[in-house]
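Here's a structure for you.
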Amino acid sequence: MVSPLLRNMVRLLEKGRERSTETVAVTKGFCADRKIVELLWEAGYAKFADANLDNLLRLRRIFGNRVELQLIRMPMCSELARLVEADVVPHVSHKEILEHLSVLSHRRKKVTPVILSVEAGDGREGFLPEEILEERTFLKTLEGIRVNGLSTTLACLSGVLPQPPVIERLRKLRDELSDAAGPPEFKISVGGTTFLSLWEGAAAPEAVDEIRCGEAWLFGTDISRKKSFAWLEQDTFFLSAEIVEVKSKNPAETAVRGYDAFGRTAGERRFRTSGKRALAACGLQDVDETQLYLLDDHVKIVGATSNYLVLEVSRNASPVTPGCIIRFRAGYGTVLRAFLSPYVDKVYL
Ligand SMILES: *Cc1c(COP(=O)(O)O)cnc(C)c1O
(Lines give C-alpha, C1' and ligand atoms only; values in the text may rest on other atoms or scores of the structure.)
Protein backbone atom coordinates (compact mmCIF):
# COMPACT_ATOMS: atom_id res chain seq x y z
CA MET A 1 0.00 0.00 0.00
CA VAL A 2 1.33 3.41 -0.93
CA SER A 3 1.18 5.98 1.85
CA PRO A 4 -0.77 9.25 1.49
CA LEU A 5 2.51 11.04 2.16
CA LEU A 6 4.19 9.42 -0.83
CA ARG A 7 1.18 10.23 -3.02
CA ASN A 8 1.37 13.87 -1.93
CA MET A 9 5.09 14.02 -2.66
CA VAL A 10 4.59 12.62 -6.17
CA ARG A 11 1.62 14.85 -6.97
CA LEU A 12 3.41 18.00 -5.89
CA LEU A 13 6.45 17.09 -7.97
CA GLU A 14 4.22 16.51 -11.01
CA LYS A 15 2.39 19.77 -10.44
CA GLY A 16 5.73 21.58 -10.52
CA ARG A 17 6.86 19.76 -13.67
CA GLU A 18 3.71 20.86 -15.50
CA ARG A 19 4.92 24.43 -15.03
CA SER A 20 8.65 23.65 -15.46
CA THR A 21 9.16 24.55 -11.81
CA GLU A 22 11.51 22.46 -9.73
CA THR A 23 10.21 21.51 -6.30
CA VAL A 24 12.52 21.59 -3.31
CA ALA A 25 11.40 19.50 -0.36
CA VAL A 26 11.68 21.44 2.90
CA THR A 27 12.61 19.06 5.71
CA LYS A 28 12.72 21.31 8.79
CA GLY A 29 9.19 20.39 9.90
CA PHE A 30 10.16 16.84 10.91
CA CYS A 31 13.88 17.16 11.74
CA ALA A 32 14.71 15.67 8.34
CA ASP A 33 13.65 12.28 9.67
CA ARG A 34 15.43 9.52 7.77
CA LYS A 35 12.38 7.43 6.83
CA ILE A 36 10.57 10.47 5.45
CA VAL A 37 13.53 11.77 3.46
CA GLU A 38 14.03 8.32 1.98
CA LEU A 39 10.40 8.45 0.89
CA LEU A 40 11.08 11.85 -0.73
CA TRP A 41 14.00 10.34 -2.61
CA GLU A 42 11.78 7.43 -3.72
CA ALA A 43 9.20 9.96 -4.96
CA GLY A 44 11.86 11.60 -7.11
CA TYR A 45 13.10 14.58 -5.08
CA ALA A 46 16.78 15.47 -5.36
CA LYS A 47 16.71 18.93 -3.77
CA PHE A 48 16.24 19.40 -0.04
CA ALA A 49 16.16 22.52 2.11
CA ASP A 50 16.33 22.85 5.85
CA ALA A 51 16.69 25.61 8.44
CA ASN A 52 19.22 23.61 10.44
CA LEU A 53 22.69 22.80 9.19
CA ASP A 54 22.95 19.60 11.22
CA ASN A 55 19.93 18.19 9.40
CA LEU A 56 21.54 19.03 6.06
CA LEU A 57 24.86 17.46 7.03
CA ARG A 58 22.96 14.30 7.93
CA LEU A 59 21.22 14.38 4.53
CA ARG A 60 24.64 14.73 2.88
CA ARG A 61 25.82 11.60 4.70
CA ILE A 62 22.71 9.70 3.62
CA PHE A 63 22.60 10.71 -0.04
CA GLY A 64 26.16 11.82 -0.83
CA ASN A 65 26.47 14.14 -3.79
CA ARG A 66 23.30 12.93 -5.47
CA VAL A 67 21.27 15.71 -3.85
CA GLU A 68 21.34 19.51 -3.71
CA LEU A 69 21.08 20.92 -0.19
CA GLN A 70 20.02 24.44 0.71
CA LEU A 71 20.30 26.14 4.10
CA ILE A 72 17.18 28.34 4.15
CA ARG A 73 17.83 29.98 7.51
CA MET A 74 20.42 32.77 7.19
CA PRO A 75 23.70 31.13 8.19
CA MET A 76 25.52 31.75 11.46
CA CYS A 77 29.16 32.79 11.05
CA SER A 78 30.12 29.73 13.04
CA GLU A 79 28.47 27.48 10.44
CA LEU A 80 30.13 28.79 7.32
CA ALA A 81 33.19 26.54 7.25
CA ARG A 82 31.14 23.36 7.69
CA LEU A 83 28.65 24.59 5.13
CA VAL A 84 31.32 25.17 2.47
CA GLU A 85 32.95 21.84 3.26
CA ALA A 86 29.67 19.96 2.74
CA ASP A 87 28.66 21.87 -0.42
CA VAL A 88 25.51 23.22 1.14
CA VAL A 89 24.01 26.15 -0.75
CA PRO A 90 23.23 28.99 1.66
CA HIS A 91 20.57 31.66 1.32
CA VAL A 92 22.39 34.88 2.25
CA SER A 93 21.28 38.40 3.20
CA HIS A 94 24.53 40.08 4.30
CA LYS A 95 27.52 41.38 2.41
CA GLU A 96 29.77 40.43 5.34
CA ILE A 97 28.63 36.80 5.12
CA LEU A 98 29.37 36.76 1.39
CA GLU A 99 32.87 38.08 2.07
CA HIS A 100 33.41 35.47 4.74
CA LEU A 101 32.17 32.71 2.42
CA SER A 102 34.38 33.99 -0.33
CA VAL A 103 37.52 33.68 1.82
CA LEU A 104 36.57 30.21 3.05
CA SER A 105 35.75 28.92 -0.44
CA HIS A 106 38.80 30.47 -2.05
CA ARG A 107 41.03 28.88 0.59
CA ARG A 108 39.54 25.49 -0.23
CA LYS A 109 39.79 26.16 -3.97
CA LYS A 110 36.03 25.84 -4.25
CA VAL A 111 33.28 27.89 -5.76
CA THR A 112 30.28 28.02 -3.41
CA PRO A 113 26.94 28.71 -5.06
CA VAL A 114 24.84 31.12 -3.03
CA ILE A 115 21.25 32.28 -3.28
CA LEU A 116 20.56 35.90 -2.40
CA SER A 117 17.58 36.24 -0.14
CA VAL A 118 15.30 39.16 -0.99
CA GLU A 119 12.85 40.78 1.41
CA ALA A 120 9.43 40.93 -0.19
CA GLY A 121 7.17 42.33 2.51
CA ASP A 122 7.08 39.87 5.37
CA GLY A 123 9.52 41.99 7.36
CA ARG A 124 11.72 39.01 7.95
CA GLU A 125 14.97 38.05 6.23
CA GLY A 126 16.55 39.25 3.00
CA PHE A 127 18.40 42.04 1.23
CA LEU A 128 16.32 44.98 0.09
CA PRO A 129 16.28 44.90 -3.75
CA GLU A 130 18.11 48.26 -3.95
CA GLU A 131 20.88 46.92 -1.69
CA ILE A 132 21.52 44.11 -4.17
CA LEU A 133 21.63 46.51 -7.10
CA GLU A 134 24.12 48.73 -5.28
CA GLU A 135 26.38 45.72 -4.74
CA ARG A 136 26.31 44.57 -8.36
CA THR A 137 30.01 45.08 -8.98
CA PHE A 138 30.95 43.67 -5.61
CA LEU A 139 28.96 40.51 -6.36
CA LYS A 140 30.60 40.14 -9.74
CA THR A 141 34.14 40.42 -8.45
CA LEU A 142 33.85 38.21 -5.39
CA GLU A 143 36.09 35.15 -5.72
CA GLY A 144 34.97 31.70 -4.63
CA ILE A 145 31.28 32.64 -4.81
CA ARG A 146 28.76 32.19 -7.56
CA VAL A 147 25.39 33.83 -7.14
CA ASN A 148 22.99 31.37 -8.70
CA GLY A 149 19.65 32.68 -7.61
CA LEU A 150 17.31 35.07 -5.87
CA SER A 151 14.94 33.76 -3.26
CA THR A 152 12.04 35.10 -1.34
CA THR A 153 9.81 33.84 1.44
CA LEU A 154 6.38 35.02 2.49
CA ALA A 155 3.54 34.40 4.92
CA CYS A 156 5.81 33.29 7.73
CA LEU A 157 5.99 36.14 10.20
CA SER A 158 3.26 38.58 9.36
CA GLY A 159 1.06 36.48 7.11
CA VAL A 160 1.70 38.66 4.03
CA LEU A 161 0.36 36.67 1.08
CA PRO A 162 2.26 36.62 -2.21
CA GLN A 163 0.78 38.55 -5.12
CA PRO A 164 1.93 38.37 -8.75
CA PRO A 165 3.93 41.65 -8.49
CA VAL A 166 6.29 39.99 -5.98
CA ILE A 167 7.42 37.66 -8.74
CA GLU A 168 7.56 40.42 -11.35
CA ARG A 169 9.87 42.41 -9.07
CA LEU A 170 12.17 39.43 -8.61
CA ARG A 171 12.28 38.89 -12.37
CA LYS A 172 13.13 42.51 -12.95
CA LEU A 173 15.87 42.36 -10.33
CA ARG A 174 17.27 39.23 -11.96
CA ASP A 175 17.32 40.91 -15.37
CA GLU A 176 19.10 43.94 -13.99
CA LEU A 177 21.68 41.75 -12.29
CA SER A 178 22.13 39.49 -15.28
CA ASP A 179 22.99 42.49 -17.46
CA ALA A 180 25.81 43.32 -15.13
CA ALA A 181 27.14 39.94 -14.12
CA GLY A 182 25.74 37.73 -16.85
CA PRO A 183 25.74 34.55 -14.78
CA PRO A 184 24.49 31.56 -16.77
CA GLU A 185 22.06 30.17 -14.21
CA PHE A 186 20.26 32.71 -12.16
CA LYS A 187 17.14 31.13 -10.81
CA ILE A 188 14.16 32.51 -8.96
CA SER A 189 13.30 30.47 -5.89
CA VAL A 190 10.16 31.10 -3.84
CA GLY A 191 8.71 29.61 -0.68
CA GLY A 192 6.87 28.26 1.02
CA THR A 193 3.58 26.59 0.27
CA THR A 194 1.73 29.94 0.24
CA PHE A 195 3.17 30.55 -3.25
CA LEU A 196 1.54 27.38 -4.62
CA SER A 197 -1.89 28.95 -4.37
CA LEU A 198 -0.69 31.81 -6.54
CA TRP A 199 -0.75 29.55 -9.60
CA GLU A 200 -4.31 28.43 -8.90
CA GLY A 201 -5.85 31.86 -9.33
CA ALA A 202 -7.13 33.33 -12.59
CA ALA A 203 -4.40 35.99 -12.76
CA ALA A 204 -1.64 33.43 -12.22
CA PRO A 205 1.82 34.86 -12.80
CA GLU A 206 4.40 33.17 -15.02
CA ALA A 207 6.05 30.18 -13.41
CA VAL A 208 9.21 30.48 -11.35
CA ASP A 209 12.25 28.22 -11.56
CA GLU A 210 11.97 26.75 -8.10
CA ILE A 211 9.46 26.44 -5.26
CA ARG A 212 10.38 25.33 -1.74
CA CYS A 213 7.57 23.48 0.03
CA GLY A 214 7.04 21.63 3.26
CA GLU A 215 3.45 22.13 4.33
CA ALA A 216 1.87 21.23 0.96
CA TRP A 217 3.11 17.67 0.73
CA LEU A 218 3.26 17.10 4.50
CA PHE A 219 -0.33 18.13 5.24
CA GLY A 220 -2.03 18.90 1.91
CA THR A 221 -2.88 22.38 3.20
CA ASP A 222 -1.99 26.06 2.86
CA ILE A 223 -2.42 27.47 6.36
CA SER A 224 -1.80 31.04 5.17
CA ARG A 225 -5.16 30.84 3.40
CA LYS A 226 -6.73 28.30 5.76
CA LYS A 227 -7.35 25.96 2.85
CA SER A 228 -6.78 22.37 1.80
CA PHE A 229 -5.58 21.46 -1.67
CA ALA A 230 -8.15 19.24 -3.38
CA TRP A 231 -5.39 17.43 -5.29
CA LEU A 232 -3.49 16.53 -2.12
CA GLU A 233 -4.38 14.39 0.88
CA GLN A 234 -4.71 15.66 4.44
CA ASP A 235 -4.68 12.44 6.47
CA THR A 236 -0.93 12.10 6.77
CA PHE A 237 0.09 12.51 10.42
CA PHE A 238 -1.68 11.34 13.57
CA LEU A 239 -0.87 11.60 17.22
CA SER A 240 -2.03 9.02 19.76
CA ALA A 241 -1.90 9.77 23.46
CA GLU A 242 -2.86 7.76 26.52
CA ILE A 243 -5.44 9.04 28.99
CA VAL A 244 -4.12 9.13 32.57
CA GLU A 245 -6.98 10.78 34.46
CA VAL A 246 -10.73 11.20 33.93
CA LYS A 247 -12.64 13.20 36.55
CA SER A 248 -15.40 15.75 36.88
CA LYS A 249 -13.94 19.16 37.52
CA ASN A 250 -15.46 22.36 38.70
CA PRO A 251 -12.86 24.99 37.87
CA ALA A 252 -12.76 27.96 40.24
CA GLU A 253 -14.93 30.74 38.78
CA THR A 254 -13.81 33.72 40.77
CA ALA A 255 -10.22 32.94 41.55
CA VAL A 256 -7.78 35.79 40.99
CA ARG A 257 -5.88 34.84 37.89
CA GLY A 258 -2.31 35.45 36.84
CA TYR A 259 -0.61 33.83 33.90
CA ASP A 260 -0.22 30.21 32.93
CA ALA A 261 3.03 28.24 33.18
CA PHE A 262 4.25 29.79 29.93
CA GLY A 263 3.45 33.37 30.87
CA ARG A 264 0.33 33.51 28.69
CA THR A 265 -3.00 34.86 29.80
CA ALA A 266 -5.23 31.85 30.03
CA GLY A 267 -8.26 32.55 27.85
CA GLU A 268 -11.69 32.38 29.42
CA ARG A 269 -12.50 29.21 27.55
CA ARG A 270 -10.15 27.23 29.73
CA PHE A 271 -12.25 27.86 32.80
CA ARG A 272 -15.80 28.31 31.65
CA THR A 273 -16.97 24.75 31.71
CA SER A 274 -17.33 22.36 34.52
CA GLY A 275 -17.80 18.72 33.69
CA LYS A 276 -15.81 15.71 32.76
CA ARG A 277 -12.19 16.36 31.93
CA ALA A 278 -9.63 13.87 30.69
CA LEU A 279 -5.90 14.35 30.88
CA ALA A 280 -3.69 12.87 28.18
CA ALA A 281 -0.04 12.12 28.84
CA CYS A 282 1.44 14.59 26.41
CA GLY A 283 1.89 18.35 26.64
CA LEU A 284 3.47 21.41 25.13
CA GLN A 285 6.82 19.63 25.30
CA ASP A 286 5.51 17.24 22.64
CA VAL A 287 2.66 18.95 20.78
CA ASP A 288 1.16 22.29 19.81
CA GLU A 289 -2.36 22.10 21.22
CA THR A 290 -3.68 24.54 18.61
CA GLN A 291 -2.62 22.16 15.83
CA LEU A 292 -4.23 18.98 17.01
CA TYR A 293 -7.54 17.96 15.52
CA LEU A 294 -9.85 15.53 17.28
CA LEU A 295 -11.62 12.89 15.28
CA ASP A 296 -14.49 12.75 17.81
CA ASP A 297 -16.71 15.88 17.98
CA HIS A 298 -17.74 15.12 21.55
CA VAL A 299 -14.25 15.72 22.90
CA LYS A 300 -12.67 19.19 22.93
CA ILE A 301 -9.23 20.46 23.77
CA VAL A 302 -9.34 22.81 26.77
CA GLY A 303 -5.65 23.56 26.79
CA ALA A 304 -2.26 22.14 27.56
CA THR A 305 0.44 22.41 30.19
CA SER A 306 4.00 21.33 29.60
CA ASN A 307 3.11 17.73 30.32
CA TYR A 308 -0.69 17.37 30.05
CA LEU A 309 -3.21 17.85 27.35
CA VAL A 310 -6.55 18.69 28.97
CA LEU A 311 -9.71 17.51 27.22
CA GLU A 312 -13.36 18.21 27.86
CA VAL A 313 -15.44 15.10 27.39
CA SER A 314 -19.14 15.62 26.73
CA ARG A 315 -21.88 13.23 27.80
CA ASN A 316 -22.29 11.90 24.29
CA ALA A 317 -18.68 10.93 23.82
CA SER A 318 -17.70 7.29 23.76
CA PRO A 319 -16.56 6.23 27.24
CA VAL A 320 -13.08 7.43 28.19
CA THR A 321 -11.15 5.83 31.04
CA PRO A 322 -7.51 5.88 32.10
CA GLY A 323 -5.58 3.66 29.72
CA CYS A 324 -7.69 4.66 26.69
CA ILE A 325 -5.79 5.89 23.66
CA ILE A 326 -7.09 9.04 22.06
CA ARG A 327 -6.16 9.85 18.48
CA PHE A 328 -5.74 13.23 16.80
CA ARG A 329 -4.85 14.42 13.34
CA ALA A 330 -1.66 16.40 13.73
CA GLY A 331 -0.82 19.73 12.08
CA TYR A 332 2.56 21.31 11.31
CA GLY A 333 3.31 22.68 14.81
CA THR A 334 2.47 19.39 16.46
CA VAL A 335 4.48 17.30 14.01
CA LEU A 336 7.47 19.59 14.48
CA ARG A 337 7.37 19.30 18.27
CA ALA A 338 6.64 15.58 18.22
CA PHE A 339 9.71 14.94 16.05
CA LEU A 340 11.79 17.11 18.39
CA SER A 341 10.46 15.34 21.48
CA PRO A 342 12.28 12.23 22.68
CA TYR A 343 9.07 11.30 24.52
CA VAL A 344 7.02 10.65 21.40
CA ASP A 345 7.45 7.35 19.55
CA LYS A 346 7.36 7.63 15.79
CA VAL A 347 5.48 4.85 14.03
CA TYR A 348 5.48 4.54 10.23
CA LEU A 349 2.37 3.00 8.74
C1 LIG B 1 9.88 26.98 6.10
C2 LIG B 1 10.35 27.56 4.86
C3 LIG B 1 9.83 27.12 3.62
C4 LIG B 1 8.73 26.08 3.51
O5 LIG B 1 7.53 26.56 4.01
P6 LIG B 1 6.18 25.71 3.98
O7 LIG B 1 5.14 26.69 4.27
O8 LIG B 1 6.30 24.64 5.00
O9 LIG B 1 6.03 25.12 2.63
C10 LIG B 1 10.36 27.66 2.48
N11 LIG B 1 11.33 28.60 2.52
C12 LIG B 1 11.84 29.05 3.69
C13 LIG B 1 12.91 30.08 3.68
C14 LIG B 1 11.36 28.56 4.89
O15 LIG B 1 11.86 29.02 6.04
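The values are calculated or read from the model by the stated rules, or taken from the named source; none is laboratory data. No experiment lies behind these values; they were computed from the predicted model shown. Methodologically, a virtual Cβ is constructed for each residue, glycine included, from the backbone with ideal geometry; neighbour enumeration extends over all protein chains shown. For the accessible areas, the whole protein counts, side chains as well, though only heavy atoms, and no ligand, DNA or RNA atoms are used. Shrake-Rupley method; radii C 1.70, N 1.55, O 1.52, S 1.80 Å.
Dimensions of region 282-349 along principal axes (Cα, Å, largest first)?
Sorted largest first, the three principal extents are 35, 27, 21 Å.
For region 1-155, what is the relative contact order in percent, using Cα pairs closer than 8 Å and at least 6 residues apart in sequence?
16 percent.
What three numbers, in Å, describe the spread of the alpha carbons of region 27-129 along their principal axes, ordered from the longest?
37, 37, 21
Additional query: Taking the Cα-to-Cβ direction at residue 2 and at residue 245 and moving 7 Å from each Cα, how far apart do the two end points lie in nm?
4.7
Provide the gained length on full extension for the span residue 307 to residue 171, in nm with one decimal, where the gain is 0.36 nm per separating residue minus the Cα-Cα distance.
Taking 0.36 nm per residue and subtracting the Cα distance, the gain is 44.1 nm.
For residue 10, project a label point 7 Å along Cα to C-beta. Then give me every residue of region 215-259 with its amide nitrogen under 15 Å of that point.
Taking a point 7 Å out along Cα→Cβ of residue 10, the residues of region 215-259 whose backbone N falls under 15 Å are 232-233.
Calculate the spin-label point distance for residue 315 paired with residue 109, positioning each point 7 Å from the Cα along the beta-carbon direction, and give it in nanometres.
8.2
Any chance you could run the full-extension gain for residue 253 through residue 18? It's 0.36 nm times the residue separation minus the Cα-Cα distance, nm to one decimal.
Extra length available between residue 253 and residue 18 comes to 78.8 nm.
I've got another one for you. For region 214-229, just list the computed ³J(HN,Hα) in residue order, Karplus coefficients 6.51, -1.76 and 1.60, θ = phi - 60°, integers in Hz, with x standing in for Gly and Pro.
Going residue by residue, I get x, 3, 4, 7, 6, 10, x, 10, 10, 5, 5, 10, 6, 9, 9, 7 Hz, with x marking Gly and Pro.
Counting only protein heavy atoms and using a 1.4 Å probe, what share of the accessible area of region 199-349 belongs to carbon plus sulfur, as a whole percent? Before the final figure, lay out the partial values.
Details: 4390 of 8550 Å².
That share works out to 51 percent.
Top to bottom by accessible area (1.4 Å), largest first, where do 45, 259 land?
259, 45
Rounded to the nearest angstrom and ordered from largest down, what semi-axes does the equivalent ellipsoid of region 89-139 get from its C-alpha gyration tensor (root of 5λ)?
Whole-Å semi-axes of the equivalent ellipsoid: 22, 12, 8.
Quick query: amide H of residue 151 versus all other amide H atoms, modeled in the peptide plane; which residues come in under 5 Å with a sequence gap of 5 or more or a different chain?
116, 117, 118, 189
Let me know the charge dipole size of the chain about its Cα centre in debye, to the nearest 20, where only the beta-carbon of Lys, Arg (+1) and Asp, Glu (-1) is charged.
So the dipole magnitude of the chain works out to roughly 820 debye.
Can you tell me which of 205-216, 102-113 comes out highest on packing, and rank the rest after it, using the mean Cβ neighbours within 10 Å?
205-216, 102-113
Going by average Cβ density within 10 Å per residue, which order do the peptides 325-336, 241-252 take, highest to lowest?
325-336, 241-252
Taking all pairs of distinct Cα atoms, average 1/r, flip it, and tell me the Kirkwood hydrodynamic radius of the chain in Å to one decimal place.
Computed over the chain, the radius equals 22.4 Å.
Moving on. What do you get when you divide the Cα radius of gyration of region 197-349 by 2.2 N^0.38 Å, with N the number of residues? Can you show the working numbers first?
Numbers: Rg = 18.5 Å, N = 153, 2.2 N^0.38 = 14.9 Å.
With N residues counted in region 197-349, Rg over 2.2 N^0.38 Å equals 1.24.
Another question, then. Quick check: the angle from helix 164-181's long axis to the longest principal axis of the chain, C-alpha only, nearest 10 degrees?
Once rounded, the angle reads 30 degrees.
Pairing the Cα long axis of helix 53-63 with the longest principal axis of the chain, what angle in degrees results, from 0 to 90 and rounded to the nearest 10?
Long axis of 53-63 versus the principal axis of the chain: about 80 degrees.
Step through the residues of region 333-340 one at a time and calculate ³J(HN,Hα) from phi using the Karplus curve (6.51 cos²θ - 1.76 cosθ + 1.60, θ = phi - 60°), rounding each to whole Hz and writing x for Gly and Pro.
x, 6, 4, 4, 5, 4, 6, 7
Angle check, please: helix 4-18 long axis (alpha carbons) against the longest principal axis of the chain (alpha carbons), in degrees 0 to 90, nearest 10.
30
Follow-up question, since we're still on this one. Between residue 294 and residue 94, what is 0.36 nm times their sequence separation minus the Cα-Cα distance? Round to one decimal in nm.
67.6 nm
Need one number: nm distance between label points at residue 285 and residue 46, each 7 Å from Cα along Cα→Cβ, rounded to one decimal.
4.4
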